[in-house]
Amino acid sequence: MDEERDGEWTPVREGGKAGRKTSGRDGRSRERSTAPGRPAPHRGRPSRGRGPGRRARARRSRLRFTRRFYILLGLLVGIILLVVLVLSLSGGSGGDFRSLQASVKLSDSELNRLKVNELGAVMILAYHRIGDEGKQSRTPENFLSDLEYLYEQGYRCISLRELVANHITVAPGYTPVVITFDESDPSQFRYLEEDGRLQIDPRCAVGIMESFASEHPDFNMTATFFVLPELFGQEEYAEVKLRYLVERGYDIGVHTLNHVELGGLSDARVLEELAGSVRLVKGYLPDYEPFAIALPGGSRPRNMSLLDHGEYEGVKIAFVAALLEGSNPATAPCDRNFDPLNLPRVLAMDPSLDTSDSGLYAWLRYFMENPERRYVSDGDPFTVTVPKHMEDRVDKEKLGDRRLRLY
C-alpha cells in the first residue's frame with residue numbers, strides 16, 4: 001500500500017478545510033493550509049491541496065478498503081467450504097467421522113497402549129427369543145443388560161456384511177461385535193396398536209435396540225435377522241416389518257424354508273430349501289438379495305458349493321456367509337483360517353445356564369484375561385494393523401486394497 005511519507009492528515013482547528021502537518025529540514029512541524037483564497041505554498045513540487053494528486057490519493061484510499069473487503073470475503077468463503085467438506089466426510093451433522101479417522105495414523109506407542117490387533121477374534125452373537133430366561137431366550141431386561149455391558153467393555157456393533165467384507169470401521173481401541181437373531185420369532189419384532197396407530201413394542205428385541213441406539217448412537221446398533229415363513233408373527237404386517245428393518249440399516253438373512261438340518265438331505269432337497277427361503281424374502285422385498293444363511297442346528301450340506309453357486313427353479317443361490325451355531329468367536333477376516341461359509345457363533349445366555357462355559361459372558365471374561373486375543377481396531381478401515389509376531393497368520397490375498405501395518 002502507498003504511505004504518506006511526509007506527514008499525516010489532520011483537521012484544522014479554526015474553521016476551514018483539512019490541512020497537513022509537514023516537517024521541515026530542521027525537524028520542526030509546520031502547518032500548511034488549503035483554505036480558499038490562500039494559495040498553497042510552492043517549494044518546487046506540486047501542491048498537496050485540491051487537484052489531481054488529492055483525487056488520486058482518495059481513489060487509492062478507496063482501493064485499499066476494497067482490497068481488505070475482498071480479503072475478508074475470501075476468508076469467509078474458505079471457512080464455509082471447509083465446514084461443508086468436513087460435514088460431507090462425516091456423513092452430515094452428527095456423523096461419526098469414519099472417513100476422517102482413516103487419515104489418522106496411530107503411533108507405535110499408541111498401538112501398543114491400545115493393544116491394537118486386527119487379527120484378533122470377533123464374536124458373532126446368536127439370539128433367538130426375548131421372553132422368559134432360558135438357553136435360547138433372554139428377558140427384555142437381560143437383553144438390554146447385554147447391550148449395556150458390551151458398550152461399557154468397549155465393544156461396538158458392525159453388520160455381518162461389514163465383517164465378511166473386512167470393512168470394519170469402529171473407532172481406535174474398540175472391538176467389533178456382530179448381533180444376529182434366528183427364526184424370526186414374534187418376540188423379536190412386535191407391533192402394538194395404540195389409538196389406531198402402530199407402535200413398536202418397547203419390550204421386543206427391535207424396540208429395545210432402537211431405544212438403546214437413541215441413547216448410544218456411537219454403538220452403531222445393527223443386527224441380522226435370519227427368517228422363517230412365520231416372519232415375526234402378525235402376518236398382516238410382515239412386509240411392513242421387513243421394509244422397516246432394511247430401511248433402518250438391519251439385514252435380512254434366511255434360515256431355510258422349513259427349519260430343517262441340511263446335512264442329511266440330498267442336493268435337490270437342499271436346493272429346494274434354500275431357494276424357498278430366498279423366494280420367501282423376495283416375495284416381500286423384490287429388490288433385496290438375502291446374502292447370508294444361518295444353518296439350522298449348524299448342520300452343513302454335504303455339498304457346500306450349493307450355498308454360493310446353486311440354482312433351483314430359476315432362483316439363484318449365492319450366499320456370501322453361512323453361520324453355524326457353534327460356541328466360539330470367529331477369526332478375523334484377514335486370518336488365513338477365516339471362512340465366511342463356516343462362521344461360528346457365540347450363544348447369548350445367562351451365565352447361570354452356561355453349563356459348557358462357552359456363552360457370551362464366558363467369552364467376555366476370557367477376553368478380559370487375554371486382551372491380546374481380542375480384535376482391537378486401529379480406526380482405519382483401509383489399513384490392517386497386527387503385531388509383528390502374527391504376520392504369518394495374515395492372508396495377503398484377503399487384504400485387497402488395504403495396507404498391512406506391523407508394529
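The values are calculated or read from the model by the stated rules, or taken from the named source; none is laboratory data. Being a predicted model, the structure only gives us computed values, none of them experimental. Quick reminder, even Gly has a Cβ in these numbers, built from the backbone with ideal geometry, and neighbours come from all protein chains shown. Note: accessible area is taken over every heavy atom of the protein model, side chains too, but ligands, DNA and RNA are not part of it. Shrake-Rupley method; radii C 1.70, N 1.55, O 1.52, S 1.80 Å.
Based on what the data block shows, is Gly120 in contact (Cβ under 8 Å) with a residue 12 or more places away in the chain and at positive phi? Write out each step before concluding.
On the way: in contact (Cβ under 8 Å) with a residue 12 or more places away in the chain: yes; at positive phi: no.
The answer is no for Gly120.
If a residue has to be buried (at least 22 other Cβ atoms within 10 Å of the Cβ) and charged (D, E, K, R) to count, how many in the range 116-145 make the cut? Going through the range 116-145 one residue at a time, the tally reaches 2. From the list Ser327, Ser299, the one residue that fits, being among the small types (Gly, Ala, Ser), at pLDDT 95 or above and out of contact with any Phe, Trp or Tyr (no Cβ under 7 Å at 6 or more places or on another chain), is Ser299.
Filtering the range 339-368 to residues that are over 21 Å from Leu144 (Cβ atoms), among the small types (Gly, Ala, Ser) and open to solvent by 40 Å² or more (accessible area, probe 1.4 Å) leaves only Ser356. Of the residues in the range 314-329, how many are out of contact with any Lys or Arg (no Cβ under 7 Å at 6 or more places or on another chain) and open to solvent by 60 Å² or more (accessible area, probe 1.4 Å)? The qualifying residues number 5.
Against the definition (closer than 30 Å to Leu114 by Cβ, within 27 Å of the chain's Cα centre (by Cα) and touching a residue at least 40 places away in the same chain (Cβ under 8 Å)), how does Asp339 come out, yes or no? Show your work before the answer.
Working: closer than 30 Å to Leu114 by Cβ: yes; within 27 Å of the chain's Cα centre (by Cα): yes; touching a residue at least 40 places away in the same chain (Cβ under 8 Å): no.
The answer is no for Asp339.
Against the conditions (1) over 26 Å from Glu313 (Cβ atoms); (2) buried (at least 20 other Cβ atoms within 10 Å of the Cβ), Arg203 satisfies every one except (2). Of the strands (runs of 3 or more DSSP E) entirely within the range 299-386, those holding at least 2 residues that are closer than 23 Å to Tyr127 by Cβ occupy 321-323.
Look through Glu289, Glu311 and report the one residue that is among the acidic types (Asp, Glu), touching a residue at least 40 places away in the same chain (Cβ under 8 Å) and either surrounded by fewer than 17 Cβ atoms within 10 Å (Cβ to Cβ) or in contact with a Ser or Thr (Cβ under 8 Å, 6 or more places away or on another chain) (or both). Reasoning before the result, please.
On the way: Glu289 fails: touching a residue at least 40 places away in the same chain (Cβ under 8 Å).
Residue meeting the stated conditions: Glu311.
Applying the selection to the range 281-296, what residues are out of contact with any Leu (no Cβ under 7 Å at 6 or more places or on another chain), more than 25 Å from Arg345 (Cα to Cα) and not in a loop (DSSP other than H, G, I, E, B)? Matches in the range 281-296: Lys282, Gly283.
Does Leu242 satisfy being without any contact (Cβ under 8 Å) to a residue 40 or more places away in the chain and out of contact with any His (no Cβ under 8 Å at 6 or more places or on another chain)? Before the answer, list the steps.
Values: without any contact (Cβ under 8 Å) to a residue 40 or more places away in the chain: no; out of contact with any His (no Cβ under 8 Å at 6 or more places or on another chain): yes.
In short, no.
With the structure loaded, tell me whether Gly263 is part of a helix (DSSP H, G or I) and either in contact with an Asp or Glu (Cβ under 6 Å, 6 or more places away or on another chain) or touching a residue at least 60 places away in the same chain (Cβ under 8 Å) (or both) or whether it fails that test. Spelling it out, it is not the case that Gly263 is part of a helix (DSSP H, G or I) and either in contact with an Asp or Glu (Cβ under 6 Å, 6 or more places away or on another chain) or touching a residue at least 60 places away in the same chain (Cβ under 8 Å) (or both).
Would the range 267-278 turn up any residue that is surrounded by 17 or more Cβ atoms within 10 Å (Cβ to Cβ), closer than 28 Å to Cys204 by Cβ and under 31 Å from the mean Cα position of the chain (by Cα)? Scanning the range 267-278 turns up at least one residue that is surrounded by 17 or more Cβ atoms within 10 Å (Cβ to Cβ), closer than 28 Å to Cys204 by Cβ and under 31 Å from the mean Cα position of the chain (by Cα). When the range 384-403 is examined, which residues are found to be in contact with a Lys or Arg (Cβ under 9 Å, 6 or more places away or on another chain) and either open to solvent by 60 Å² or more (accessible area, probe 1.4 Å) or free of Cβ contacts under 8 Å to residues at least 24 places away in the same chain (or both)? Once the filter is applied, which keeps residues that are in contact with a Lys or Arg (Cβ under 9 Å, 6 or more places away or on another chain) and either open to solvent by 60 Å² or more (accessible area, probe 1.4 Å) or free of Cβ contacts under 8 Å to residues at least 24 places away in the same chain (or both), the range 384-403 yields Asp392, Arg393, Lys398.
Considering only the range 267-284, I want to know if a residue exists there that is under 23 Å from Ser299 (Cα atoms) and either among the basic types (Lys, Arg) or at pLDDT below 95 (or both). Can you show your working first?
Pass one, the range 267-284, residues under 23 Å from Ser299 (Cα atoms): 267-281.
So of that shortlist, the ones also either among the basic types (Lys, Arg) or at pLDDT below 95 (or both) come out as 269, 279.
Yes: the range 267-284 contains one or more residues that are under 23 Å from Ser299 (Cα atoms) and either among the basic types (Lys, Arg) or at pLDDT below 95 (or both).
Restricting the range 224-244 to residues that are among the aliphatic types (A, V, I, L, M) and surrounded by 22 or more Cβ atoms within 10 Å (Cβ to Cβ) leaves a set whose member that is farthest from the chain's Cα centre (by Cα) is Val227.
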